[in-house]
Amino acid sequence: MRVTSDFWVSALVRRIFNAGGFAAIGRRGAKEAGAIFILVRSRDGRFRLLGPAAQSSYDEAGPQERRFGLLLEGEDEALLDARLAKEGRFDPDFWLVEIEADDGLIAEVVPITTL
């Protein structure tokens, strides 16, 4: 059984802060099952937008944990804003968590798939 989006996001933010990074909730979605997107910002102005992984990245038993895939990366804030606006039109109940932390910490706390 998966935990609610609200609980998962709260735990993620807490883990990032405890490890010396910074995290903020940029948008609150549906408490129970809102899709979660993670915006990872680096000090050089680049970003990576992670979103829910494709269903093909899970095994036959179904998702036991949340997994994320890379949706967008770069420096173009207009492109990022357009992508988030598109997500908002599709699902107005999504969450956005913004993180500033080193890549090692991100890899440790966010299950990222490369399928």
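Taking the Cα centre of the chain as origin and charging only Cβ (+1 Lys, Arg; -1 Asp, Glu), how large is the dipole, in debye to the nearest 20?
280
Among 76, 44, 103, which one shows the biggest mean-square fluctuation in a GNM of the chain, springs joining Cα atoms closer than 10 Å?
Sorting by GNM fluctuation, first place goes to 44.
Which one, 40, 18, 111, projects farthest toward the positive side of the charge dipole computed for the chain from Cβ point charges (K/R +1, D/E -1)?
18
Springs between alpha-carbon pairs under 10 angstrom, Gaussian network model over the chain: which of 84, 96, 39 fluctuates most?
Looking only at 84, 96, 39, the largest GNM fluctuation is found for 84.
Before anything else, pin down the relative contact order of the chain: Cα pairs under 8 Å, at least 6 apart, normalised by residue count, whole percent.
38
Given H placed on each backbone N at 1.01 Å, which residues far from residue 67 in sequence or on other chains put an amide H within less than 5 Å of it?
53
Laboratory data are not the source of any read-out in this text; all were calculated from the coordinates shown. Keep in mind it's a predicted model, so treat the numbers as computed, not measured. Positions of Cβ are generated from backbone atoms using ideal geometry, with glycine treated the same way; all protein chains shown enter the neighbour counts.
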